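Notes for the one structure printed next.
The values are calculated or read from the model by the stated rules, or taken from the named source; none is laboratory data. For clarity, every value in this text was computed on a predicted model and none was experimentally measured. Backbone-built Cβ (ideal geometry, glycine too); neighbour counts: all protein chains shown.
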Amino acid sequence: MNDVVPMLTYADGPAAMDWLASAFGFEEQTRWLDDDGRVAHGEMRAGDGLVMIASTNPTYEGPTAHRRHCEAADAWLASPYVVDGALVYVEDIDAHYARAVAAGAPTLSEIEDGPGRLYRTEDIEGHRWMFMQRA
């Protein structure tokens, strides 16, 4: 069990959960919807890790939507590095990268060598992710 669990908010939680499953291979564990169809509590498994998802605030906007009207957000999102989101370890970085690209994930970096092979991307609402294959 992990001692740290990322918790992310999405404007459209149901769509985000579906996209995270198809693009990144996350496995849905739990999806509780409120009366308005928003995700009150969602859980996605990523390997041995867990990511919690919610969409309960109707005024929330993800990073991509926010940067369209906020000059400061646009400036700090110009860098390809992870600003929010998470690092996820995967077994086969090449297959994972191909799956994400096929699903339309915007790539922030190609696969590169470092402490392990890795790449950076964004999800459907602009949260940033780094996927790494251990060396």
- [ ] For segment 79-104, enumerate the residues that are part of a loop (DSSP other than H, G, I, E, B) and surrounded by fewer than 19 Cβ atoms within 10 Å (Cβ to Cβ).
- [x] 79, 80, 81, 82, 83, 84, 91, 92, 103, 104
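Please verify whether residue 15 is outside any strand (DSSP E or B), of a type outside the set (Phe, Trp, Tyr) and within 30 Å of residue 94 (Cβ to Cβ), treating the condition exactly as stated.
Details: outside any strand (DSSP E or B): yes; of a type outside the set (Phe, Trp, Tyr): yes; within 30 Å of residue 94 (Cβ to Cβ): yes.
Spelling it out, residue 15 is indeed outside any strand (DSSP E or B), of a type outside the set (Phe, Trp, Tyr) and within 30 Å of residue 94 (Cβ to Cβ).
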- [ ] Scan (1) of a type in the set (A, V, I, L, M, F, W, C); (2) more than 16 Å from the chain's Cα centre (by Cα); (3) part of a loop (DSSP other than H, G, I, E, B) for the single condition residue 75 breaks and write down its number.
- [x] (3)
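Could you please let me know if residue 48 is more than 21 Å from residue 5 (Cα to Cα), out of contact with any Gly (no Cβ under 9 Å at 6 or more places or on another chain) and not polar (S, T, N, Q)?
Details: more than 21 Å from residue 5 (Cα to Cα): no; out of contact with any Gly (no Cβ under 9 Å at 6 or more places or on another chain): yes; not polar (S, T, N, Q): yes.
Judged against the criteria, residue 48 is not a match.
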TODO: State whether the residues of segment 66-78 include one that is touching a residue at least 12 places away in the same chain (Cβ under 8 Å) and either loosely packed, with under 13 Cβ neighbours inside 10 Å or closer than 20 Å to residue 21 by Cβ (or both).
DONE: no
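Residues 121, 107: which one is surrounded by fewer than 18 Cβ atoms within 10 Å (Cβ to Cβ), within 28 Å of residue 65 (Cβ to Cβ) and β-branched (Val, Ile, Thr)? Outline the logic, then answer.
Values: 121 fails: surrounded by fewer than 18 Cβ atoms within 10 Å (Cβ to Cβ).
Only one candidate qualifies: 107.
Quick test for you: out of 84, 123, 92, pick the one residue that is within 13 Å of the chain's Cα centre (by Cα) and at pLDDT 90 or above. Lay out the reasoning, then the answer.
Working: 84 fails: at pLDDT 90 or above; 92 fails: within 13 Å of the chain's Cα centre (by Cα).
After ruling out the rest, the residue left standing is 123.
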Open item on the list: For segment 53-72, check the following and say yes or no: at least one residue is more than 17 Å from the chain's Cα centre (by Cα) and among the β-branched types (Val, Ile, Thr).
Closed with: yes
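Is it true that some residue in segment 43-62 is closer than 22 Å to residue 121 by Cβ, part of a helix (DSSP H, G or I) and not charged (D, E, K, R)? Walk me through how you get there before you give the answer.
In the first step, residues of segment 43-62 are kept if they are closer than 22 Å to residue 121 by Cβ; the result is 43-55, 60-62.
Narrowing the set further to residues that are part of a helix (DSSP H, G or I) leaves none.
Taking every residue of segment 43-62 in turn, none turns out to be closer than 22 Å to residue 121 by Cβ, part of a helix (DSSP H, G or I) and not charged (D, E, K, R).
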